[in-house]
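Here the structure comes first, spelled out in structure tokens, and everything after it is commentary.
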Amino acid sequence: MYLADEHRYEKMPIRRAGNTGFQLPAISFGMWHSFGENANYGDTRDIILKAFDAGIFSFDLAANYGPGSYEAERLFGQVLERELKSYRDELIISSKAGFHMWPGPYGQMSSRKALTASLDRSLQAMGLDYVDIFYSHRFDPETDPEETAVALDNLVKQGKTLYVGISNYTAPQALAMIKIFKDLHTPFVVDQVSYNMLNQSAADDGLFDRLRENNAGAIAYGPLCEGLLTDKYLDGIPEDVDIHWSSEYILKQGRDKLYQKLLGLNQIAQSRGQKLSHMALAWLLHNPVITSVITGASKPEHLLENIKAVQNLEFDPEQLAAIDKILKA
């Protein structure tokens, strides 16, 4: 029988989204990749329990995570039922809907029907009565934001989610939703966006300023830019490197220029006694509006390596200026 490490909450900083009651570990565990139809239960169990023992009590899921719709949620639900059920009140479990879920017009985007039906499927897959936070996974250009916001608000009123969030929304899109949430008194807490040292579009368009002004937080996914901000490419960036759609634009400056940035950043990381990946995660967390960063891992050792970032989260002004100079070059 699994018993959690009794010192788990001493290992990981906990951060708050604005002035809300929504709190997360500095690092959350995301199940986007490697947890689909062919995933091994034993390996999945080990990494989830290692995460919890390390102070990670936030597990980020979505309808389209797998591969295979609801497959990651189904697998997570099995671990929850067998190992973590007694710890349910300590966990933050999230789900999202908006990317492909099933065939037809309601199997994607953020209509009332799509969001409602998807959350019902997610709850069934995970064996839950409610999730802690449910997101509109992407802005729906064909649907009035009020419909999306009211649908999320109704899911809270129905007891199916405690908080709501949005994901992949720009600053203007987020602000439109926030205004409606305020009128409805909906417990909106975070916008989850792609954000890392190399991809700062979320900060550049003013999103973080708008969230800060409205006492909400941001959650950064893709914090290592699909491995670019690790030791993996310090000998060169191959032509076939795979980048998430939200960060693809960084390759437009050319691989050679990007490679020189990585080398410069790695020198600063070494001067701090860190690996590049650790500094990349720590740099995100130096921004107080970032409530948590989401990292994925297919093996426990990869997860435990990423967690080392929280051992050194402080930057002096000279380091921040040097990093900024490299990134803006």
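The values are calculated or read from the model by the stated rules, or taken from the named source; none is laboratory data. Every value quoted in this text rests on a predicted model; they were computed, and no experiment measured them. Here the Cβ is made from the backbone with ideal geometry for all residues, glycine too, and neighbour counts use every protein chain on show. Areas reflect the complete protein model, heavy atoms only, side chains present, ligands, DNA and RNA absent. Shrake-Rupley method; radii C 1.70, N 1.55, O 1.52, S 1.80 Å.
Listed values, structure above:
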| quantity | calculated |
| --- | --- |
| Enumeration of residues in region 92-101 that are assigned to a loop (DSSP other than H, G, I, E, B) and crowded, with 17+ Cβ neighbours inside 10 Å | G98, F99, M101 |
| So L229, is it within 30 Å of F35 (Cβ to Cβ) and open to solvent by less than 30 Å² (accessible area, probe 1.4 Å) | yes |
| Of all residues making up region 30-64, the number that are touching a residue at least 24 places away in the same chain (Cβ under 8 Å) and among the polar types (S, T, N, Q) | 4 |
| Selection from region 305-319 of residues that are free of Cβ contacts under 8 Å to residues at least 60 places away in the same chain, part of a helix (DSSP H, G or I) and either open to solvent by less than 50 Å² (accessible area, probe 1.4 Å) or in contact with a Leu (Cβ under 8 Å, 6 or more places away or on another chain) (or both) | E305, Q319 |
| Criterion (out of contact with any helix residue (DSSP H, G or I) (no Cβ under 8 Å at 6 or more places or on another chain), open to solvent by less than 10 Å² (accessible area, probe 1.4 Å) and within 30 Å of Y106 (Cβ to Cβ)) met by exactly one of A72, A63 | A72 |
| Where R82 falls short, out of the listed (1) modelled with pLDDT of 95 or more; (2) in a loop (DSSP other than H, G, I, E, B); (3) open to solvent by 10 Å² or more (accessible area, probe 1.4 Å); (4) over 28 Å from P103 (Cα atoms) | (2) |
| Lone qualifier among M12, M1 - being at pLDDT below 95 and over 25 Å from F99 (Cβ atoms) | M1 |
| Residue check for I27: open to solvent by less than 30 Å² (accessible area, probe 1.4 Å), touching a Leu at 6+ places or on another chain (Cβ under 8 Å) and without any contact (Cβ under 8 Å) to a residue 40 or more places away in the chain | no |
| Helices (runs of 4 or more DSSP H) wholly inside region 112-231 that include at least 1 residues being of a type in the set (K, R) and without any contact (Cβ under 8 Å) to a residue 40 or more places away in the chain | 112-126, 145-157, 171-184, 207-213 |
| Residue in region 263-304 that is surrounded by the most Cβ atoms within 10 Å (Cβ to Cβ), counting only those that are part of a helix (DSSP H, G or I), modelled with pLDDT of 95 or more and of a type outside the set (A, V, I, L, M) | W283 |
